[in-house]
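The values are calculated or read from the model by the stated rules, or taken from the named source; none is laboratory data. This is a predicted model, so every value here is computed, not measured. Reconstructed Cβ throughout: ideal geometry from the backbone, glycine too, with neighbour counts over all protein chains shown. Just so you know, the surface numbers come from the protein's heavy atoms only, side chains and all, with ligands and any DNA or RNA stripped out. Shrake-Rupley method; radii C 1.70, N 1.55, O 1.52, S 1.80 Å.
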Amino acid sequence: VTACSPCVVNSSMLCRKYTVLPPPRDKEEKAMLDSMLRVDHAGEYGANCIYAGQMAVLGRTQSGPLIQNMWDQEKIHLQKFNEILGENRVRPTVMLPLWNIAGFLLGASTALLGKEGAMACTVAVEESISEHYNSQIRALMEEDPDRYTELLQLIKEFRDDEMEHHDTGLEHDAESVPGYMILKTLIQAGCKAAIYISQRI
């Protein structure tokens, strides 16, 4: 039994298919896009596991519906990346089993600090993911915006969702948890390490 099951989503979320990538022109472009998709998939997978951990602790509290709503959006993100990886024969990172456990433990442990701890975790993680998406948007815009129109649209949509989660966390007292800046810094250091690793293996 795994720590979280982020791929379990409502059937209504599965009815739409996304074809967002042009056929790669060469091995270099294929490698670039594979790395980009692999880390995006890993990020959404990890986010799902974090929310699963939060719900395991706070699911029956007043914060449960708020966390569930954000998790439902992350499930849609992950499902779309699952489809894109399958369509383009991109191998997910081999680190998924570790991200599964680490994400769930991060979500659950910060939720044990209360709603504020869970929201602080959400702010830190979603800020990191948003910054990463922004860097990808800049790279694709510099490379060939017309060629990657659909991929850019998808990444921007997901980036906006992550920023909405970030702002929701701030609105729900994330900064009031004791040691907020230390906690945020540690979580974001972990996110950067996970991004670096997931891009490569």
Residue check, residue 84 β-branched (Val, Ile, Thr), in a helix (DSSP H, G or I), open to solvent by 20 Å² or more (accessible area, probe 1.4 Å) and touching a residue at least 60 places away in the same chain (Cβ under 8 Å): no
Qualifying position, being surrounded by 14 or more Cβ atoms within 10 Å (Cβ to Cβ) and of a type in the set (Ser, Thr, Tyr), among 135, 130: 130
Taking the options 79, 73, name whichever one is modelled with pLDDT of 95 or more, open to solvent by 20 Å² or more (accessible area, probe 1.4 Å) and within 22 Å of residue 197 (Cα to Cα). 79
Can we say residue 160 is on the phi > 0 side of the Ramachandran plot, of a type outside the set (Lys, Arg) and surrounded by fewer than 19 Cβ atoms within 10 Å (Cβ to Cβ)? no
Residue satisfying all of: in region 165-177; in contact (Cβ under 8 Å) with a residue 24 or more places away in the chain and open to solvent by 30 Å² or more (accessible area, probe 1.4 Å); nearest to residue 33 (Cα to Cα) among these: 170
Evaluation of residue 89 against (1) open to solvent by 60 Å² or more (accessible area, probe 1.4 Å); (2) on the phi < 0 side of the Ramachandran plot (one fails), failing number: (2)
